[in-house]
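Below you'll find the structure, written out as C-alpha coordinates, and then a few comments.
The values are calculated or read from the model by the stated rules, or taken from the named source; none is laboratory data. Fair warning: this is a prediction, and the values are worked out from it, not measured in the lab. Virtual Cβ from ideal backbone geometry, glycine too; neighbours counted across all protein chains shown.
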Amino acid sequence: MSEPARQARDALAILAVLTVAWQGAYEYAGAVAVTPPLGTVAFAAHLLGSARFWEHAAATGLALADAFAIAAVLGVLGGLALGLWRYAADVTEPVLAALYAVPKITLYPVILLLFGLGLPAKVAFGVIHGVIPVTLLTLSAVRGIRPVLLRTARVLRLTPRETMRHVLAPAVLAEIVTGLRLCFSLTLLGVLIGEMFASQRGLGFLIINGINNHDVRMTTAVVLLVVVAAVLANALLLATDRTLHRG
Amino acid sequence: MSGAAAHARLTGVTRVYAGPTHVHALGPLDLDVARGEFLAVVGPSGCGKSTLLDVLAGLAAPSSGEAWFEDRRIAGTVPDGIGVVFQEDASFPWLTVADNVAFGLRRAGLDGAEIRRRVEDALGFMGLGEFARAYPAQLSGGMRQRVCIARTLVLAPRFILLDEPFGALDQQTRLLMGDELLRLWRRTGATVLLITHALDEAAMLADRVGVMSARPGRFIAFVPTGWPRDRDSRVVSAPEFGALTAQLWSHLRPESLRAMGQARA
(Lines give C-alpha, C1' and ligand atoms only; values in the text may rest on other atoms or scores of the structure.)
Protein backbone atom coordinates (compact mmCIF):
# COMPACT_ATOMS: atom_id res chain seq x y z
CA MET A 1 0.00 0.00 0.00
CA SER A 2 1.38 3.40 -0.91
CA GLU A 3 2.05 6.05 1.74
CA PRO A 4 -0.90 8.34 0.81
CA ALA A 5 -3.25 5.34 0.66
CA ARG A 6 -2.12 4.24 4.10
CA GLN A 7 -2.65 7.73 5.48
CA ALA A 8 -6.14 7.89 3.96
CA ARG A 9 -6.97 4.51 5.49
CA ASP A 10 -5.74 5.66 8.93
CA ALA A 11 -7.73 8.89 8.69
CA LEU A 12 -10.89 6.95 7.78
CA ALA A 13 -10.38 4.58 10.70
CA ILE A 14 -10.02 7.48 13.13
CA LEU A 15 -13.09 9.13 11.64
CA ALA A 16 -15.13 5.95 12.07
CA VAL A 17 -14.06 5.56 15.72
CA LEU A 18 -14.88 9.20 16.47
CA THR A 19 -18.29 8.92 14.82
CA VAL A 20 -19.13 5.83 16.86
CA ALA A 21 -17.95 7.54 20.07
CA TRP A 22 -20.00 10.60 19.20
CA GLN A 23 -23.13 8.55 18.55
CA GLY A 24 -22.42 6.75 21.85
CA ALA A 25 -22.23 10.07 23.71
CA TYR A 26 -25.58 11.02 22.21
CA GLU A 27 -27.17 7.69 23.21
CA TYR A 28 -25.82 8.13 26.74
CA ALA A 29 -26.53 11.81 27.44
CA GLY A 30 -29.24 12.63 24.95
CA ALA A 31 -29.99 15.79 23.00
CA VAL A 32 -29.47 18.09 26.00
CA ALA A 33 -25.68 17.56 25.67
CA VAL A 34 -24.89 16.78 22.03
CA THR A 35 -26.82 16.32 18.82
CA PRO A 36 -26.20 13.10 16.86
CA PRO A 37 -23.69 13.00 13.98
CA LEU A 38 -26.06 13.02 11.00
CA GLY A 39 -28.26 15.88 12.20
CA THR A 40 -25.20 17.88 13.21
CA VAL A 41 -23.56 17.51 9.84
CA ALA A 42 -26.77 18.72 8.19
CA PHE A 43 -26.95 21.74 10.50
CA ALA A 44 -23.21 22.45 10.02
CA ALA A 45 -23.81 22.49 6.26
CA HIS A 46 -26.67 24.92 6.84
CA LEU A 47 -24.36 27.09 9.00
CA LEU A 48 -21.75 27.16 6.26
CA GLY A 49 -24.39 28.79 4.05
CA SER A 50 -25.21 31.57 6.53
CA ALA A 51 -23.53 34.97 6.54
CA ARG A 52 -23.70 35.21 10.34
CA PHE A 53 -21.54 32.12 10.77
CA TRP A 54 -18.90 33.45 8.42
CA GLU A 55 -18.73 36.75 10.32
CA HIS A 56 -17.87 34.82 13.46
CA ALA A 57 -15.49 32.50 11.60
CA ALA A 58 -13.75 35.53 10.11
CA ALA A 59 -13.33 37.06 13.57
CA THR A 60 -11.71 33.88 14.84
CA GLY A 61 -9.62 33.54 11.68
CA LEU A 62 -8.32 37.09 12.02
CA ALA A 63 -7.44 36.64 15.69
CA LEU A 64 -5.80 33.30 14.97
CA ALA A 65 -3.80 34.66 12.02
CA ASP A 66 -2.55 37.61 14.09
CA ALA A 67 -1.73 35.49 17.11
CA PHE A 68 -0.03 32.75 15.09
CA ALA A 69 2.05 35.25 13.11
CA ILE A 70 3.17 37.05 16.28
CA ALA A 71 3.89 33.84 18.20
CA ALA A 72 5.73 32.25 15.27
CA VAL A 73 7.94 35.26 14.53
CA LEU A 74 8.69 35.96 18.20
CA GLY A 75 9.31 32.30 18.90
CA VAL A 76 11.53 31.55 15.91
CA LEU A 77 13.60 34.73 16.23
CA GLY A 78 13.81 34.37 20.01
CA GLY A 79 14.78 30.73 19.71
CA LEU A 80 17.45 31.48 17.09
CA ALA A 81 18.90 34.32 19.14
CA LEU A 82 18.97 32.23 22.31
CA GLY A 83 20.40 29.26 20.44
CA LEU A 84 23.32 31.30 19.17
CA TRP A 85 23.86 33.07 22.50
CA ARG A 86 24.64 30.26 24.87
CA TYR A 87 24.69 32.16 28.14
CA ALA A 88 21.27 33.73 27.59
CA ALA A 89 19.87 30.32 26.69
CA ASP A 90 21.21 28.72 29.86
CA VAL A 91 19.48 31.38 31.92
CA THR A 92 16.25 31.59 29.93
CA GLU A 93 15.46 27.99 29.12
CA PRO A 94 14.41 26.86 32.64
CA VAL A 95 12.45 30.09 33.08
CA LEU A 96 10.57 29.49 29.83
CA ALA A 97 9.91 25.87 30.73
CA ALA A 98 8.54 26.95 34.12
CA LEU A 99 6.39 29.66 32.53
CA TYR A 100 5.03 27.14 30.09
CA ALA A 101 3.85 25.00 32.99
CA VAL A 102 1.73 27.88 34.38
CA PRO A 103 -1.97 27.23 33.67
CA LYS A 104 -2.42 30.17 31.35
CA ILE A 105 -6.16 30.44 31.92
CA THR A 106 -5.38 31.97 35.32
CA LEU A 107 -3.70 34.87 33.51
CA TYR A 108 -6.81 35.64 31.50
CA PRO A 109 -8.22 38.25 33.91
CA VAL A 110 -4.89 40.07 33.78
CA ILE A 111 -4.87 39.96 29.97
CA LEU A 112 -8.40 41.37 29.91
CA LEU A 113 -7.45 44.22 32.20
CA LEU A 114 -4.39 44.94 30.07
CA PHE A 115 -6.01 44.77 26.64
CA GLY A 116 -9.74 45.20 27.26
CA LEU A 117 -12.47 43.16 25.57
CA GLY A 118 -12.10 42.31 21.90
CA LEU A 119 -9.47 41.39 19.38
CA PRO A 120 -6.25 42.43 21.19
CA ALA A 121 -7.07 40.33 24.24
CA LYS A 122 -7.86 37.27 22.11
CA VAL A 123 -4.63 37.70 20.16
CA ALA A 124 -2.58 38.18 23.31
CA PHE A 125 -4.11 35.08 24.85
CA GLY A 126 -3.38 33.08 21.72
CA VAL A 127 0.21 34.32 21.67
CA ILE A 128 0.96 33.38 25.28
CA HIS A 129 -0.25 29.87 24.54
CA GLY A 130 1.74 29.44 21.35
CA VAL A 131 4.99 31.33 21.73
CA ILE A 132 6.87 29.29 24.32
CA PRO A 133 6.87 25.86 22.63
CA VAL A 134 8.11 27.27 19.34
CA THR A 135 10.83 29.23 21.16
CA LEU A 136 12.01 26.16 23.04
CA LEU A 137 11.96 23.92 19.97
CA THR A 138 13.85 26.45 17.85
CA LEU A 139 16.38 26.87 20.64
CA SER A 140 16.95 23.15 20.93
CA ALA A 141 17.20 22.85 17.14
CA VAL A 142 20.01 25.41 16.96
CA ARG A 143 21.78 23.88 19.92
CA GLY A 144 21.31 20.41 18.55
CA ILE A 145 23.16 20.98 15.28
CA ARG A 146 25.91 18.39 15.24
CA PRO A 147 29.35 20.07 15.11
CA VAL A 148 30.49 17.57 12.48
CA LEU A 149 28.04 19.11 10.00
CA LEU A 150 29.65 22.51 10.47
CA ARG A 151 33.10 20.96 10.12
CA THR A 152 31.91 19.32 6.92
CA ALA A 153 30.83 22.72 5.65
CA ARG A 154 34.38 23.98 6.22
CA VAL A 155 35.90 20.93 4.53
CA LEU A 156 33.64 21.54 1.53
CA ARG A 157 34.96 25.10 1.53
CA LEU A 158 31.58 26.80 1.92
CA THR A 159 31.47 30.53 2.59
CA PRO A 160 29.71 31.60 5.83
CA ARG A 161 26.69 32.57 3.72
CA GLU A 162 26.56 29.19 1.99
CA THR A 163 26.95 27.48 5.37
CA MET A 164 23.95 29.43 6.69
CA ARG A 165 21.82 28.70 3.68
CA HIS A 166 22.79 25.11 2.83
CA VAL A 167 23.71 23.62 6.21
CA LEU A 168 22.42 25.65 9.18
CA ALA A 169 18.99 26.50 7.77
CA PRO A 170 18.04 23.01 6.60
CA ALA A 171 19.46 21.51 9.79
CA VAL A 172 17.07 23.51 11.99
CA LEU A 173 14.12 23.82 9.59
CA ALA A 174 12.49 20.49 10.37
CA GLU A 175 12.47 21.15 14.12
CA ILE A 176 11.11 24.64 13.59
CA VAL A 177 8.22 23.30 11.51
CA THR A 178 7.42 20.85 14.31
CA GLY A 179 7.45 23.83 16.66
CA LEU A 180 5.14 25.81 14.38
CA ARG A 181 2.69 22.93 14.24
CA LEU A 182 2.47 22.86 18.03
CA CYS A 183 2.33 26.63 18.06
CA PHE A 184 -0.62 26.61 15.66
CA SER A 185 -2.83 24.29 17.67
CA LEU A 186 -1.98 25.97 20.98
CA THR A 187 -2.61 29.42 19.54
CA LEU A 188 -5.99 28.25 18.27
CA LEU A 189 -6.72 26.93 21.75
CA GLY A 190 -5.82 30.27 23.30
CA VAL A 191 -7.91 32.26 20.84
CA LEU A 192 -10.98 30.04 21.30
CA ILE A 193 -10.74 30.21 25.08
CA GLY A 194 -10.41 33.97 24.80
CA GLU A 195 -13.57 34.10 22.72
CA MET A 196 -15.48 31.89 25.11
CA PHE A 197 -15.00 34.08 28.14
CA ALA A 198 -14.95 37.66 27.06
CA SER A 199 -16.01 38.27 23.52
CA GLN A 200 -19.13 38.95 21.49
CA ARG A 201 -17.68 37.53 18.30
CA GLY A 202 -15.91 34.45 17.02
CA LEU A 203 -16.47 30.69 17.02
CA GLY A 204 -15.59 30.39 20.71
CA PHE A 205 -18.37 32.89 21.43
CA LEU A 206 -20.82 30.89 19.25
CA ILE A 207 -20.05 27.75 21.23
CA ILE A 208 -20.48 29.34 24.67
CA ASN A 209 -23.51 31.32 23.48
CA GLY A 210 -25.09 28.08 22.25
CA ILE A 211 -24.63 26.61 25.70
CA ASN A 212 -26.13 29.67 27.41
CA ASN A 213 -29.16 29.59 25.10
CA HIS A 214 -29.58 25.80 25.30
CA ASP A 215 -28.90 25.73 21.55
CA VAL A 216 -27.14 22.36 21.62
CA ARG A 217 -27.45 22.01 17.86
CA MET A 218 -25.41 25.21 17.37
CA THR A 219 -22.76 24.23 19.92
CA THR A 220 -22.22 20.77 18.49
CA ALA A 221 -22.13 21.96 14.89
CA VAL A 222 -19.60 24.73 15.61
CA VAL A 223 -17.42 22.32 17.58
CA LEU A 224 -17.57 19.94 14.61
CA LEU A 225 -16.53 22.66 12.17
CA VAL A 226 -13.68 23.86 14.40
CA VAL A 227 -12.43 20.31 14.81
CA VAL A 228 -12.53 19.66 11.07
CA ALA A 229 -10.69 22.92 10.31
CA ALA A 230 -8.06 22.26 12.99
CA VAL A 231 -7.50 18.68 11.84
CA LEU A 232 -7.09 19.81 8.22
CA ALA A 233 -4.64 22.56 9.16
CA ASN A 234 -2.70 20.14 11.34
CA ALA A 235 -2.59 17.54 8.56
CA LEU A 236 -1.16 20.14 6.20
CA LEU A 237 1.55 21.14 8.68
CA LEU A 238 2.22 17.53 9.56
CA ALA A 239 2.72 16.66 5.89
CA THR A 240 5.28 19.48 5.62
CA ASP A 241 6.86 18.31 8.83
CA ARG A 242 7.16 14.73 7.53
CA THR A 243 8.66 15.85 4.24
CA LEU A 244 11.30 17.77 6.14
CA HIS A 245 12.05 15.02 8.65
CA ARG A 246 12.35 12.39 5.93
CA GLY A 247 12.65 8.79 6.91
CA MET B 1 61.49 26.52 3.06
CA SER B 2 58.78 24.82 1.03
CA GLY B 3 57.15 21.42 0.89
CA ALA B 4 58.56 20.69 -2.57
CA ALA B 5 59.73 17.16 -1.82
CA ALA B 6 56.61 15.99 -0.03
CA HIS B 7 52.94 16.16 -0.95
CA ALA B 8 52.18 17.42 2.55
CA ARG B 9 54.64 18.43 5.21
CA LEU B 10 54.65 19.56 8.83
CA THR B 11 57.71 21.25 10.32
CA GLY B 12 58.01 21.93 14.04
CA VAL B 13 54.25 21.96 14.46
CA THR B 14 52.80 22.39 17.94
CA ARG B 15 49.28 22.93 19.06
CA VAL B 16 48.66 24.48 22.46
CA TYR B 17 45.25 25.22 23.90
CA ALA B 18 45.57 28.48 25.79
CA GLY B 19 43.45 29.29 28.80
CA PRO B 20 43.58 28.35 32.48
CA THR B 21 44.36 24.68 31.81
CA HIS B 22 46.96 25.37 29.10
CA VAL B 23 46.98 21.99 27.40
CA HIS B 24 49.99 21.23 25.22
CA ALA B 25 48.19 18.90 22.82
CA LEU B 26 50.66 18.25 20.05
CA GLY B 27 54.28 18.29 19.00
CA PRO B 28 56.62 19.76 18.19
CA LEU B 29 56.53 17.30 15.31
CA ASP B 30 57.75 16.94 11.75
CA LEU B 31 56.05 14.86 9.10
CA ASP B 32 56.54 14.28 5.39
CA VAL B 33 53.75 12.56 3.50
CA ALA B 34 54.90 11.36 0.08
CA ARG B 35 52.68 11.83 -2.96
CA GLY B 36 50.46 8.80 -3.46
CA GLU B 37 51.43 7.27 -0.16
CA PHE B 38 49.00 5.52 2.19
CA LEU B 39 50.07 6.59 5.66
CA ALA B 40 48.35 5.41 8.81
CA VAL B 41 48.84 7.15 12.16
CA VAL B 42 48.33 5.32 15.43
CA GLY B 43 48.77 6.59 18.95
CA PRO B 44 47.41 6.29 22.47
CA SER B 45 44.09 7.97 23.16
CA GLY B 46 44.37 11.69 23.77
CA CYS B 47 47.77 11.94 22.05
CA GLY B 48 46.59 14.55 19.57
CA LYS B 49 45.94 12.35 16.51
CA SER B 50 42.79 14.24 15.64
CA THR B 51 44.51 17.55 16.26
CA LEU B 52 47.20 16.47 13.81
CA LEU B 53 44.52 15.80 11.21
CA ASP B 54 42.87 19.16 11.90
CA VAL B 55 46.18 20.95 11.32
CA LEU B 56 46.84 19.07 8.07
CA ALA B 57 43.28 19.70 6.86
CA GLY B 58 43.46 23.40 7.63
CA LEU B 59 40.67 23.08 10.22
CA ALA B 60 43.00 24.23 13.00
CA ALA B 61 46.05 26.48 12.76
CA PRO B 62 49.28 25.29 14.40
CA SER B 63 50.34 27.28 17.47
CA SER B 64 53.88 27.24 16.08
CA GLY B 65 55.60 25.64 13.12
CA GLU B 66 54.34 25.33 9.56
CA ALA B 67 51.97 23.11 7.61
CA TRP B 68 52.38 22.74 3.85
CA PHE B 69 50.30 21.16 1.13
CA GLU B 70 51.51 21.11 -2.48
CA ASP B 71 53.96 23.96 -1.99
CA ARG B 72 51.38 26.18 -0.33
CA ARG B 73 51.15 26.98 3.33
CA ILE B 74 48.00 25.79 5.02
CA ALA B 75 46.65 28.73 6.95
CA GLY B 76 43.23 28.81 8.50
CA THR B 77 41.15 27.39 5.65
CA VAL B 78 40.87 23.99 4.06
CA PRO B 79 43.00 24.00 0.89
CA ASP B 80 41.54 22.99 -2.46
CA GLY B 81 42.38 19.35 -3.18
CA ILE B 82 41.98 18.08 0.39
CA GLY B 83 39.09 15.82 1.37
CA VAL B 84 38.22 14.80 4.92
CA VAL B 85 36.13 11.91 6.24
CA PHE B 86 35.18 12.06 9.92
CA GLN B 87 34.41 9.29 12.37
CA GLU B 88 30.96 10.64 13.08
CA ASP B 89 28.21 10.38 10.53
CA ALA B 90 28.49 13.64 8.60
CA SER B 91 25.85 12.97 5.94
CA PHE B 92 23.21 15.69 5.63
CA PRO B 93 19.97 14.07 6.84
CA TRP B 94 17.75 16.39 4.79
CA LEU B 95 19.30 15.35 1.47
CA THR B 96 19.01 12.08 -0.43
CA VAL B 97 22.12 9.96 -0.87
CA ALA B 98 22.57 11.29 -4.42
CA ASP B 99 22.10 14.91 -3.31
CA ASN B 100 24.55 14.40 -0.45
CA VAL B 101 27.15 13.15 -2.91
CA ALA B 102 26.38 15.95 -5.37
CA PHE B 103 26.53 18.62 -2.65
CA GLY B 104 30.14 19.72 -3.10
CA LEU B 105 29.91 19.61 -6.90
CA ARG B 106 26.83 21.85 -6.89
CA ARG B 107 28.54 24.39 -4.63
CA ALA B 108 31.52 24.29 -7.00
CA GLY B 109 29.14 25.23 -9.82
CA LEU B 110 29.66 22.30 -12.18
CA ASP B 111 27.06 21.75 -14.90
CA GLY B 112 24.23 19.30 -14.37
CA ALA B 113 25.35 16.59 -16.78
CA GLU B 114 28.85 16.49 -15.34
CA ILE B 115 27.48 16.35 -11.78
CA ARG B 116 25.16 13.46 -12.72
CA ARG B 117 28.00 11.58 -14.36
CA ARG B 118 30.36 11.97 -11.42
CA VAL B 119 27.71 11.20 -8.81
CA GLU B 120 26.60 8.06 -10.62
CA ASP B 121 30.19 6.94 -10.91
CA ALA B 122 30.91 7.52 -7.20
CA LEU B 123 27.67 5.84 -6.12
CA GLY B 124 28.47 2.84 -8.26
CA PHE B 125 32.02 2.66 -6.95
CA MET B 126 30.85 2.75 -3.33
CA GLY B 127 28.03 0.23 -3.95
CA LEU B 128 25.35 2.83 -3.28
CA GLY B 129 23.69 2.74 -6.71
CA GLU B 130 20.34 1.40 -5.56
CA PHE B 131 20.20 3.77 -2.58
CA ALA B 132 20.60 6.97 -4.61
CA ARG B 133 17.13 8.20 -3.69
CA ALA B 134 17.13 7.01 -0.07
CA TYR B 135 17.70 9.34 2.86
CA PRO B 136 20.58 8.70 5.30
CA ALA B 137 18.13 7.82 8.10
CA GLN B 138 17.09 4.78 6.06
CA LEU B 139 20.68 3.47 5.87
CA SER B 140 22.95 1.62 8.28
CA GLY B 141 25.98 3.32 9.86
CA GLY B 142 28.34 1.65 7.39
CA MET B 143 26.28 2.77 4.42
CA ARG B 144 26.14 6.33 5.71
CA GLN B 145 29.92 6.34 6.05
CA ARG B 146 30.08 5.21 2.42
CA VAL B 147 27.91 8.21 1.52
CA CYS B 148 30.43 10.48 3.23
CA ILE B 149 33.33 8.79 1.45
CA ALA B 150 31.50 9.10 -1.90
CA ARG B 151 30.83 12.78 -1.19
CA THR B 152 34.58 13.25 -0.73
CA LEU B 153 35.50 11.04 -3.67
CA VAL B 154 33.45 12.96 -6.28
CA LEU B 155 35.48 16.07 -5.61
CA ALA B 156 38.58 14.17 -6.78
CA PRO B 157 40.74 15.20 -3.82
CA ARG B 158 44.48 14.70 -4.15
CA PHE B 159 44.93 14.22 -0.42
CA ILE B 160 42.33 12.32 1.59
CA LEU B 161 42.38 12.55 5.38
CA LEU B 162 40.33 10.08 7.38
CA ASP B 163 39.78 10.48 11.14
CA GLU B 164 38.94 7.01 12.51
CA PRO B 165 36.36 6.61 9.76
CA PHE B 166 35.43 3.04 10.70
CA GLY B 167 35.61 3.53 14.48
CA ALA B 168 31.85 3.31 14.91
CA LEU B 169 31.44 0.20 12.74
CA ASP B 170 31.51 -3.48 13.63
CA GLN B 171 34.62 -5.56 12.93
CA GLN B 172 33.44 -7.28 9.73
CA THR B 173 32.13 -4.07 8.23
CA ARG B 174 35.47 -2.44 9.11
CA LEU B 175 37.45 -5.07 7.22
CA LEU B 176 35.27 -4.67 4.13
CA MET B 177 35.35 -0.89 4.32
CA GLY B 178 39.12 -1.16 4.53
CA ASP B 179 39.09 -3.04 1.24
CA GLU B 180 36.99 -0.31 -0.33
CA LEU B 181 39.38 2.31 0.95
CA LEU B 182 42.29 0.45 -0.66
CA ARG B 183 40.38 0.20 -3.96
CA LEU B 184 39.64 3.90 -3.81
CA TRP B 185 43.27 4.73 -3.05
CA ARG B 186 44.49 2.63 -6.00
CA ARG B 187 41.95 4.07 -8.39
CA THR B 188 42.36 7.75 -7.55
CA GLY B 189 46.10 7.72 -6.94
CA ALA B 190 45.41 10.14 -4.09
CA THR B 191 47.61 10.46 -1.03
CA VAL B 192 45.84 9.00 2.00
CA LEU B 193 46.33 9.70 5.69
CA LEU B 194 44.34 7.45 7.99
CA ILE B 195 44.07 8.20 11.71
CA THR B 196 43.10 5.09 13.64
CA HIS B 197 43.34 3.55 17.08
CA ALA B 198 43.20 0.02 15.63
CA LEU B 199 46.70 -1.40 15.13
CA ASP B 200 45.44 -4.19 12.85
CA GLU B 201 43.67 -1.66 10.65
CA ALA B 202 46.83 0.41 10.32
CA ALA B 203 48.99 -2.68 9.66
CA MET B 204 46.59 -4.01 7.05
CA LEU B 205 45.91 -0.84 5.06
CA ALA B 206 48.96 1.40 5.08
CA ASP B 207 52.28 1.55 3.24
CA ARG B 208 53.76 3.09 6.36
CA VAL B 209 52.52 3.46 9.92
CA GLY B 210 53.47 6.47 12.05
CA VAL B 211 53.40 5.76 15.78
CA MET B 212 52.73 8.69 18.07
CA SER B 213 53.75 9.21 21.69
CA ALA B 214 51.43 10.06 24.56
CA ARG B 215 50.41 13.73 24.82
CA PRO B 216 51.90 16.02 23.62
CA GLY B 217 51.97 13.73 20.58
CA ARG B 218 55.18 13.34 18.55
CA PHE B 219 56.21 10.65 16.13
CA ILE B 220 58.36 8.02 17.85
CA ALA B 221 58.59 5.56 14.96
CA PHE B 222 57.64 5.03 11.33
CA VAL B 223 57.09 1.40 10.44
CA PRO B 224 56.95 0.43 6.73
CA THR B 225 54.58 -2.47 6.06
CA GLY B 226 56.02 -3.67 2.76
CA TRP B 227 52.65 -4.77 1.33
CA PRO B 228 52.18 -4.79 -2.45
CA ARG B 229 49.99 -2.06 -3.89
CA ASP B 230 47.19 -4.45 -4.86
CA ARG B 231 46.69 -5.80 -1.33
CA ASP B 232 43.39 -6.36 0.39
CA SER B 233 42.07 -7.38 3.82
CA ARG B 234 43.33 -10.94 3.28
CA VAL B 235 46.83 -9.77 4.27
CA VAL B 236 45.66 -10.31 7.86
CA SER B 237 46.38 -14.02 7.32
CA ALA B 238 49.95 -13.40 6.06
CA PRO B 239 52.64 -14.45 8.54
CA GLU B 240 54.23 -10.97 8.45
CA PHE B 241 50.97 -9.41 9.61
CA GLY B 242 51.27 -10.71 13.16
CA ALA B 243 54.90 -9.58 13.41
CA LEU B 244 53.96 -6.16 12.09
CA THR B 245 51.15 -5.67 14.58
CA ALA B 246 53.44 -6.89 17.38
CA GLN B 247 56.10 -4.40 16.32
CA LEU B 248 53.59 -1.54 16.38
CA TRP B 249 52.41 -2.61 19.82
CA SER B 250 55.94 -2.78 21.20
CA HIS B 251 56.38 0.88 20.20
CA LEU B 252 52.99 1.87 21.44
CA ARG B 253 52.70 -0.03 24.73
CA PRO B 254 54.88 2.25 26.92
CA GLU B 255 53.12 5.29 25.42
CA SER B 256 49.70 3.85 26.13
CA LEU B 257 50.73 3.18 29.71
CA ARG B 258 51.90 6.78 29.99
CA ALA B 259 48.64 8.02 28.50
CA MET B 260 46.71 5.98 31.07
CA GLY B 261 48.78 7.60 33.80
CA GLN B 262 47.99 11.04 32.38
CA ALA B 263 44.32 10.22 32.34
CA ARG B 264 44.44 9.08 35.97
CA ALA B 265 46.40 12.11 37.19
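Only one of B:190, B:206 is farther than 22 Å from residue A:155 by Cα, outside the structural domain of residue B:105 (by TED's automatic domain parsing) and at pLDDT 90 or above; which?
Details: B:190 fails: farther than 22 Å from residue A:155 by Cα.
Step by step, each of B:190, B:206 is checked, and only B:206 is farther than 22 Å from residue A:155 by Cα, outside the structural domain of residue B:105 (by TED's automatic domain parsing) and at pLDDT 90 or above.
When residues of the range A:150-165 are filtered for being in a helix (DSSP H, G or I), surrounded by fewer than 19 Cβ atoms within 10 Å (Cβ to Cβ) and either of a type in the set (Lys, Arg) or facing chain B (nearest Cβ under 9 Å) (or both), how many remain?
So in the range A:150-165, the residues in a helix (DSSP H, G or I) come out as A:150-155, A:160-165.
Next, from what is left, pick out any that are surrounded by fewer than 19 Cβ atoms within 10 Å (Cβ to Cβ): A:150, A:154, A:160-165.
In the following step, the residues that additionally are either of a type in the set (Lys, Arg) or facing chain B (nearest Cβ under 9 Å) (or both) were identified as A:154, A:161-162, A:165.
Number of matching residues: 4.
Of all residues in the range B:9-33, count the ones that are closer than 26 Å to residue B:190 by Cα and basic (Lys, Arg).
Residues in the range B:9-33 being closer than 26 Å to residue B:190 by Cα and basic (Lys, Arg): 1 in total.
Would a scan of the range A:48-71 turn up a residue that is free of Cβ contacts under 8 Å to residues at least 40 places away in the same chain and aromatic (Phe, Trp, Tyr)? I'd like the intermediate steps shown before the answer.
Residues of the range A:48-71 free of Cβ contacts under 8 Å to residues at least 40 places away in the same chain: A:49-52, A:54, A:58, A:61, A:65, A:69.
Checking which are aromatic (Phe, Trp, Tyr) leaves us with A:54.
Scanning the range A:48-71, I find at least one residue that is free of Cβ contacts under 8 Å to residues at least 40 places away in the same chain and aromatic (Phe, Trp, Tyr), so the answer is yes.
Is there any pair with a first residue in the range B:67-93 that is under 15 Å from residue A:155 (Cα atoms) and within 9 Å of another protein chain (Cβ to nearest Cβ) and a second that is assigned to a loop (DSSP other than H, G, I, E, B) and among the charged types (D, E, K, R) whose Cβ atoms are under 6 Å apart and which are 6 or more apart or on different chains, and what are they?
The qualifying pairs are B:78/A:157; B:87/B:164.
If you go through the range B:157-179, how many residues are closer than 22 Å to residue B:241 by Cβ, charged (D, E, K, R) and either buried (at least 17 other Cβ atoms within 10 Å of the Cβ) or assigned by TED's automatic domain parsing to the domain that holds residue B:123 (or both)?
As a first pass, look at the range B:157-179 and keep what is closer than 22 Å to residue B:241 by Cβ: B:162, B:164-167, B:169-179.
Imposing the further condition that a residue be charged (D, E, K, R) reduces the set to B:164, B:170, B:174, B:179.
With either buried (at least 17 other Cβ atoms within 10 Å of the Cβ) or assigned by TED's automatic domain parsing to the domain that holds residue B:123 (or both) added as a condition, the list becomes B:164, B:174.
Number of matching residues: 2.
Of these, B:106, B:133, B:144, B:151, which one is touching a residue at least 24 places away in the same chain (Cβ under 8 Å), under 26 Å from residue A:243 (Cβ atoms), surrounded by fewer than 16 Cβ atoms within 10 Å (Cβ to Cβ) and within 12 Å of another protein chain (Cβ to nearest Cβ)?
Numbers: B:106 fails: touching a residue at least 24 places away in the same chain (Cβ under 8 Å); B:144 fails: surrounded by fewer than 16 Cβ atoms within 10 Å (Cβ to Cβ); B:151 fails: surrounded by fewer than 16 Cβ atoms within 10 Å (Cβ to Cβ).
Checking each option against the conditions leaves just B:133.
Would you please name the residue that is farthest from residue A:211 (Cα to Cα), looking only at residues in the range A:1-28 that are small (Gly, Ala, Ser) and at pLDDT 90 or above? It would help to see each step written out before you state the result.
Restricting attention to the range A:1-28, the residues satisfying the condition of being small (Gly, Ala, Ser) are A:2, A:5, A:8, A:11, A:13, A:16, A:21, A:24-25.
So of that shortlist, the ones also at pLDDT 90 or above come out as A:13, A:16, A:21, A:24-25.
Details: A:13: 30, A:16: 27, A:21: 21, A:24: 20, A:25: 17 Å.
The extreme case among them is A:13.
Do you know which of the residues in the range A:104-149 that are of a type in the set (A, V, I, L, M) and within 14 Å of chain B (Cβ to nearest Cβ) is nearest to the chain's Cα centre (by Cα)? Walk me through it before giving the result.
Narrowing the range A:104-149 to residues of a type in the set (A, V, I, L, M): A:105, A:107, A:110-114, A:117, A:119, A:121, A:123-124, A:127-128, A:131-132, A:134, A:136-137, A:139, A:141-142, A:145, A:148-149.
Remaining after also requiring within 14 Å of chain B (Cβ to nearest Cβ): A:141, A:145, A:148-149.
On the way: A:141: 19, A:145: 26, A:148: 34, A:149: 31 Å.
Here the answer is A:141.
Tell me which of these residue B:229 doesn't satisfy, since it passes every other one: (1) crowded, with 17+ Cβ neighbours inside 10 Å; (2) closer than 26 Å to residue B:187 by Cα.
Condition (1) is where residue B:229 drops out.
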